[in-house]
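Mind having a look at this structure? Questions to follow.
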Amino acid sequence: MKQNQRVPDPCVLVIFGASGDLTRRKLVPAIWHLQEQGRLPEAFALVGVARREWDDNYFRQQMREGLAEFVGELDESVLDAFLAKLHYVSGDPADPTTYVALKNQLETLDREHGTGGNRCFYCSVPPQIYLGIVEQMGKAGLNHQHQDGQGWCRVIVEKPFGHDFDSAHNLNEVLHNVFAEEQIYRIDHYLGKETVQNILVFRLGNSIFEPLWNRRYVDHVQITAAEGVGVEHRAGYYDQSGALRDMIQNHLLQVLCVIAMEPPSSFDAESVRLEKLKVLKAIRPILIGQVVRYAVRGQYGPGTANGEAVAGYLQENEVPADSRTETYAALEFTVDNWRWQGVPFYVRTGKRMEKRTSTITIQFSQPPHLIFGQTDQMPPSTLTIRIQPEEGISLSFNGKVPGPDVRLDTVNMDFSYAESFGGRTPEAYETLILDCLLGDATLYSDSDWIEKSWQLLMPVLEAWKTTSSGAVPSYPAGSCGPNEADALLSEDWRTWAAL
Ligand code: BG6
């Protein structure tokens, strides 16, 4: 989140996995939008690297089609100039000669286009492949950067960042063998969402909310990421992962940290990351014996989506018929510090839920003394931050219904991004790629945060791994999740916010 419009140094962005879906669907459209807004340097080039035997022209053609599909109508003359900046190196990521060819290509671009030896390597490939890429880059000397700040070298790695604590720690070690921590940008696209960035502005760019942001006024917090879609074509990955790894370890714990963190003294990577890490350190570990009380999972069965009958998870393509992978997870976290003692943070996510919505609900405490009667029916004041869709923030509170009696009803104050700002909201990838090119890691995860987040979830993963943990509860596709998740809150006399 920049206060003024900075443009990165001349540079080359290298994408490993350039023939993949993410490159076409998200990365190249993000670069296109950056170029369109004048956020890229004049001397800029993109080099795609992948195994397929494509050349520059074919790569450009593929990206042209991708842009037409994912961006829409494009000015052809601007498009031609943009595509001319795209290049392609074909090669096996395990073969050292690929890196010789890449190095030559980068040197040519530096010479011919003045890209200044500055490189950003984007690993849009699974971890088992990028580990090899990182090692090969080290051997080929593609990891060096000059001390004078010119000729910088940064690497972006995609999720999943590990499968458990040990594998995440191992990934960090391999990366650290080749790159210094400040060169590594671990992407979490939730942090790049405008609505997530706005949480800090909402809290700390105003003086009226922060005084309420603590155990004195907040009863509890709910963080929800519900998806309408099922596992789609990703069963191979998803069945090995599950909702806890796929959404909670990264996106939702990051959101929790942004909600719960103390105000940093400045908006820079070091200060923000430190405060977020402090939140994770303050979360009370859920011990293996407490998993039944504090964590709930579920798996979607057959049901409906958009009025149509849809298959259950076990009937999806490539999902083993006896899979115990959770497509829904809900957890209750306790943050043991002065600000949040006694305020539960409930986090839930699921696929094939009633609808797609990512929302944060801050429920405030009831007034200490109620003077208007019928108080048990008086809903508490609630702040709802809609991350997506219908991005915005609403405050719901009690108001007097006009008339001679004192009757209360809930009313809303609403802020909608679309109404207030109009225009196109930048995609998370635009913000994050630009930040990396600018050398700003504020919205990226660091190694300590990643390892701590895995450590917190390990007892849950361990408990769920065993068959003695019982059957995975089922919920119908198109519902709000398993009944067991309601019990998680009803134990505390609370209920989930409507989706
Ligand atoms: C990804 C997960 O990280 O986030 C997907 O792997 C999930 O399973 C996606 O669908 C959700 O992202 P968004 O931006 O649509 O909420």
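The values are calculated or read from the model by the stated rules, or taken from the named source; none is laboratory data. Owing to the predicted nature of the structure, the values given are computational and were not obtained by experimental measurement. Positions of Cβ are backbone-derived with ideal geometry, glycine not excepted, and every protein chain shown enters the neighbour counts.
Just checking, which of Asp239, Asp268 is at pLDDT below 95, within 30 Å of Ile184 (Cβ to Cβ) and of a type outside the set (A, V, I, L, M, F, W, C)?
Checking each option against the conditions leaves just Asp268.
In region 372-488, which strands (runs of 3 or more DSSP E) lie fully inside it and hold 3 or more residues that are touching a Pro at 6+ places or on another chain (Cβ under 8 Å)?
Correct list: 474-476.
Mind checking which residues of region 84-97 are β-branched (Val, Ile, Thr) and under 31 Å from the mean Cα position of the chain (by Cα)?
Val89
Of the numbered conditions (1) closer than 20 Å to Ile223 by Cα; (2) touching a strand residue (DSSP E or B) at 6+ places or on another chain (Cβ under 9 Å), Leu280 satisfies every one except a single condition; which is it?
All conditions pass for Leu280, except number (2).
Another one. Is it the case that Phe179 is farther than 25 Å from Ala18 by Cβ, modelled with pLDDT of 95 or more, aromatic (Phe, Trp, Tyr) and touching a helix residue (DSSP H, G or I) at 6+ places or on another chain (Cβ under 8 Å)?
no
Further question on the same structure: Would you mind stating whether Tyr300 is assigned to a strand (DSSP E or B), aromatic (Phe, Trp, Tyr), surrounded by 19 or more Cβ atoms within 10 Å (Cβ to Cβ) and within 16 Å of the ligand (Cβ to nearest atom)?
yes
Sort out for me the helices (runs of 4 or more DSSP H) sitting completely within region 168-275 that have 1 or more residues that are more than 15 Å from the ligand (Cβ to nearest atom).
In region 168-275, 194-204, 253-260 are the helices (runs of 4 or more DSSP H) which contain 1 or more residues that are more than 15 Å from the ligand (Cβ to nearest atom).
Take the conditions under 25 Å from the mean Cα position of the chain (by Cα), within 16 Å of the ligand (Cβ to nearest atom), surrounded by fewer than 24 Cβ atoms within 10 Å (Cβ to Cβ) and at negative phi and apply them to Val319. Does it pass?
Yes, satisfied.
Could you grab me the full set of residues in region 150-178 that are charged (D, E, K, R) and within 22 Å of the chain's Cα centre (by Cα)?
Arg154, Glu158, Lys159, Asp164, Asp166
Pairs only if they're at least six apart or on different chains, beta carbon under 7 angstrom, first in region 227-248 and on the phi < 0 side of the Ramachandran plot, second near the ligand (Cβ under 9 Å from one of its atoms) and charged (D, E, K, R); list them, first residue then second.
Glu227/Lys351; Glu227/Arg356; Gly228/Arg356; Val229/Lys351; Gly230/Lys351; Val231/Lys351; Tyr238/Asp246
Identify, by number, the condition in (1) of a type in the set (Lys, Arg); (2) surrounded by fewer than 14 Cβ atoms within 10 Å (Cβ to Cβ); (3) at pLDDT 95 or above that Lys2 doesn't meet.
Tallying (1) of a type in the set (Lys, Arg); (2) surrounded by fewer than 14 Cβ atoms within 10 Å (Cβ to Cβ); (3) at pLDDT 95 or above, Lys2 fails exactly one: (3).
Would you be able to tell me the number of residues in region 373-431 that are among the hydroxyl-bearing types (Ser, Thr, Tyr) and either modelled with pLDDT under 90 or under 22 Å from the mean Cα position of the chain (by Cα) (or both)?
7
Scan Arg245, Arg234, Arg215 and give me the residue that is surrounded by 22 or more Cβ atoms within 10 Å (Cβ to Cβ) and among the basic types (Lys, Arg).
Just one listed residue meets the conditions, Arg245.
Each row is one residue, and each column tells you yes or no for (1) touching a Ser or Thr at 6+ places or on another chain (Cβ under 7 Å); (2) surrounded by 22 or more Cβ atoms within 10 Å (Cβ to Cβ).
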{"position": "Asp164", "(1), (2)": "no, no"}
{"position": "Ser167", "(1), (2)": "no, no"}
{"position": "Gln183", "(1), (2)": "no, no"}
{"position": "Ile187", "(1), (2)": "no, yes"}
{"position": "Leu200", "(1), (2)": "no, no"}
{"position": "Gly228", "(1), (2)": "no, no"}
{"position": "Leu253", "(1), (2)": "yes, yes"}
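Only residues that are touching a helix residue (DSSP H, G or I) at 6+ places or on another chain (Cβ under 8 Å) and under 23 Å from Ala43 (Cα atoms): list them for region 64-82, please.
Of everything in region 64-82, those that are touching a helix residue (DSSP H, G or I) at 6+ places or on another chain (Cβ under 8 Å) and under 23 Å from Ala43 (Cα atoms) turn out to be Arg64, Leu67, Leu74, Val78, Leu79, Phe82.
Could you please give the count of residues in region 391-437 that are within 22 Å of Cys11 (Cβ to Cβ) and surrounded by fewer than 15 Cβ atoms within 10 Å (Cβ to Cβ)?
0
Among the residues of region 335-361 satisfying the criterion of being small (Gly, Ala, Ser) and within 11 Å of the ligand (Cβ to nearest atom), which is farthest from Ser416 (Cα to Cα)?
Gly350
For region 14-40, which residues satisfy the criterion of being surrounded by 18 or more Cβ atoms within 10 Å (Cβ to Cβ) and farther than 23 Å from Glu194 by Cα?
Correct list: Val14, Ile15, Phe16, Gly17, Ala18, Ser19.
Residues Ser445, Ser453: which one is surrounded by 19 or more Cβ atoms within 10 Å (Cβ to Cβ), in contact with a strand residue (DSSP E or B) (Cβ under 6 Å, 6 or more places away or on another chain) and of a type outside the set (A, V, I, L, M, F, W, C)?
Just one listed residue meets the conditions, Ser445.
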